[in-house]
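So the structure is just underneath, and the comments pick up after that.
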Ligand SMILES: C[S@@+](CC[C@H](N)C(=O)[O-])C[C@H]1O[C@@H](n2cnc3c(N)ncnc32)[C@H](O)[C@@H]1O
């Protein structure tokens, strides 16, 4: 039987040098996120010597943190955590880690424990490993397979076939983290451990707590899960209302289409449905779910738009949001652009 772990060990021990593996991009804005900079320095070409031997790195260079916008330190009740070292504007890419992170995720606990620190860093990166979960996260973690293959359509097919298969043949994936809103120096960086679409807005506290316990073994202590605070209580009320609205909108859209096909007037008018989506948008923004949850609500607004001009406006709005939370080089961005073309936009 094929052994994933030995493949992984082979890749990490012989496939990449440390300099390769630490090639990190940190850009000040997602719009420039496809530009990358290598942490390995080129050999000196000073005129006095044409030696190809690299100059020794200074102490500062050797200990430079690969992602200068963030640092790791302990936090009460959660072990280690990632913090912003300076004010970071919304939609900045703070981490780009081009390595074999998904194979790492597939390793068993025993196999992970067998990794040396260096291998573990190469596998996932210590910064990524230290990001805690929050039910209202201020950052978004993406898998991005587009970094070295020029973004061809086959990437998307491979993406859907499965990461492992893709890594095995192309070795060109990266994990990126973008902040979803302005983050202050010293603030903890958090992501949602939930996947799916929408990942957060429809989940009430009890369900979130249960899933996090089952899947990751911890009891979430984020602000939204704290029912003693006003924010925690307001958060739960917002999500209850969001669930009702989402159900009504989806029933209205599907039911409306069926009734229209049968020649019967719909019970909820498109104008009423647009009003419900506008309320969802307000609640999601109040809650601070300004990543994929907001993309979801923007897409509902696009479906229900009145006329092509308004639809096009929403389509662009959603596309820009996806660029902001995943970076212009993410395959989803191409999918959004294609969608516009296919629909005649
Ligand atoms: C990927 S690690 C994050 C870094 C971790 N804190 C550390 O010290 O290495 C995930 C673990 O962090 C802790 N954790 C993450 N988010 C948490 C949260 N919202 N509430 C409580 N514990 C959390 C849990 O122990 C979880 O298993």
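Hey, fewest Cβ within 10 Å first, where do 280, 258 land in order? Could you put the intermediate results ahead of the total?
Details: 280 25, 258 10.
Fewest-to-most ranking of 280, 258: 258, 280.
Given points 7 Å out from each Cα along the Cα-Cβ axis, report the residue 269 to residue 221 separation in nanometres with one decimal.
5.2
Contour minus end-to-end for residue 210 and residue 187, with contour as 0.36 nm per residue of separation and end-to-end as the Cα-Cα distance?
Values: separation 23, 0.36 × 23 = 8.28 nm, distance 2.67 nm.
My answer for the length gained is 5.6 nm.
Order by neighbour count: 222, 254, 135, fewest other Cβ atoms within 10 Å first, most last. Don't skip to the answer; put the middle values down first.
Working: 222 20, 254 10, 135 26.
So the ranking, lowest neighbour count to highest, is 254, 222, 135.
For residue 75 paired with residue 90, estimate the spin-label separation in nm (one decimal), with each label point 7 Å from Cα along the Cα-to-Cβ line.
2.2
As a footprinting exposure proxy, order 276, 271, 213, 78 by other Cβ within 10 Å, with the fewest listed first.
Details: 276 19, 271 9, 213 12, 78 16.
Listed from fewest to most nearby Cβ atoms, that is 271, 213, 78, 276.
None of the figures in this text is laboratory data; all of them are computed from the coordinates on show. All values derive from a computational prediction rather than experimental measurement. Reconstructed Cβ throughout: ideal geometry from the backbone, glycine too, with neighbour counts over all protein chains shown.
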